[in-house]
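Read-outs: derived from the displayed coordinates by stated rules, not from any lab. On a predicted model such as this, the values are computed, not experimentally measured, just so you know. For neighbour counting, all protein chains shown are included, and Cβ atoms are generated from backbone atoms with ideal geometry for every residue, glycine included.
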Amino acid sequence: MTPDEFCQDTAAKSGSSFYYSFLFLPPERRQAITALYAFCRLVDDVVDECQDPQLARTKLEWWRNEIRQLFAGTPQHPVSRALAVALARFNLPQEHFEEIIDGMEMDLDFNIYPSFKELSLYCHRVASVVGIMAAEIFGFQDRRTLKYAHHLGMAFQLTNILRDVREDAARGRTYIPLDELQQFGVTPEQLHGPATTPAMQALFARQAQRAEEYYDKAMEMLPECDRYAQLSGLIMASIYRATLQELRQDGFHILEKRLTLTPLRKLWLAWKVSRQERRRRNKLAASAPA
């Protein structure tokens, strides 16, 4: 299996919504974003799958060293070797990779975040930094697009946090800030389920509102000139916002069941956004002065 095949296999097996957005990219950009996604997936799995915190720290340190080797021109892991190809084509700084690992390590330091201030740093490291790197791969002309990518990464992570509340609680982690749990009269132990109370529904609605605010800020920051280049991000936004809408329509009964969109619906949303953005680009080009 080649490095690129390894990354492709990792992305496909994850079942992530990100995979569907990659389908519409040109080969070089698809190779780079798939390698980046595989890296994020593997370092995230270190923390999720290691029961021993010290072993998890050791593995994360191995990845830090592997990133140093990557930038020194001697990558060993298949994902790093695939990333070496991407580095030759796109501006992907070493410190961004290191910051992602730092974010993953925060899961070993916090089992609950005191307030949104601390949680926002975590979200920035594990999601917004990835979004900024993705924006570099997709291409942009206006640097406001990097602000869009930051906000969109925050929105994605907050959506994931809400969707995965019970699953994360089973791992001993709570990503809803402690001060907000206390504000709504909910204890971390209640997030283990199996029933969603009215107080929890109000708490979850607040988390959904914050995610929506980040989606709105992201779209406000995206310059028209970069919309089509950032098509993959717009596809992901459509899928994630659809998930958020489903959670809301279901009354935020997320402790009873884990809500996910079907692969067919994800593919349909990806096709729909792609068609809309293509028409938008063509209309803009037709109205531009000769």
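Note on segment 110-280: Kirkwood radius taken over Cα pairs, Stokes-Einstein applied at 25 °C and 0.890 mPa s, translational D equal to 147 µm² s⁻¹. Derived value for segment 1-108: Kirkwood hydrodynamic radius 14.2 Å. Basis is the mean of 1/r over every pair of different alpha-carbon atoms.
Taking 19 Å as the cut-off, the amide N atoms of segment 75-100 that come nearer than this to a point 7 Å along the Cα-to-beta-carbon line of residue 61 belong to 98-100.
Computed with the Debye formula from one identical point scatterer per Cα of segment 58-109, without solvent, the log10 of I(q)/I(0) at q = 0.18, 0.27 Å⁻¹ comes to -0.56, -1.09. Site pair residue 72 and residue 143 shows an inter-label distance of 3.2 nm when each label is modelled 7 Å from Cα along Cα→Cβ.
Here the spin labels are modelled as points 7 Å beyond Cα on the Cα-Cβ line, and at residue 118 and residue 45 they lie 3.0 nm apart. Relative contact order for the chain using alpha-carbon pairs under 8 Å, separation at least 6, rounded to a whole percent? Result for the chain is 19 percent. A straight Cα-to-Cα reach below 20 Å connects residue 147 with the lysines 117, 217, residues fewer than 8 places away in its own chain not being considered.
By the scheme Lys and Arg +1, Asp and Glu -1, what is the net charge of all other residues having a beta-carbon under 12 Å from that of residue 167? Neighbourhood net charge equals +3. Cα centroid separation, segment 49-78 to segment 166-228: 30 Å. Computed over the alpha carbons of the chain, Rg followed by Dmax gives 19.3, 64 Å.
Of all lysines in the structure, the ones whose alpha carbon falls short of 16 Å from that of residue 13, not counting any fewer than 8 places away in one chain, are 266.
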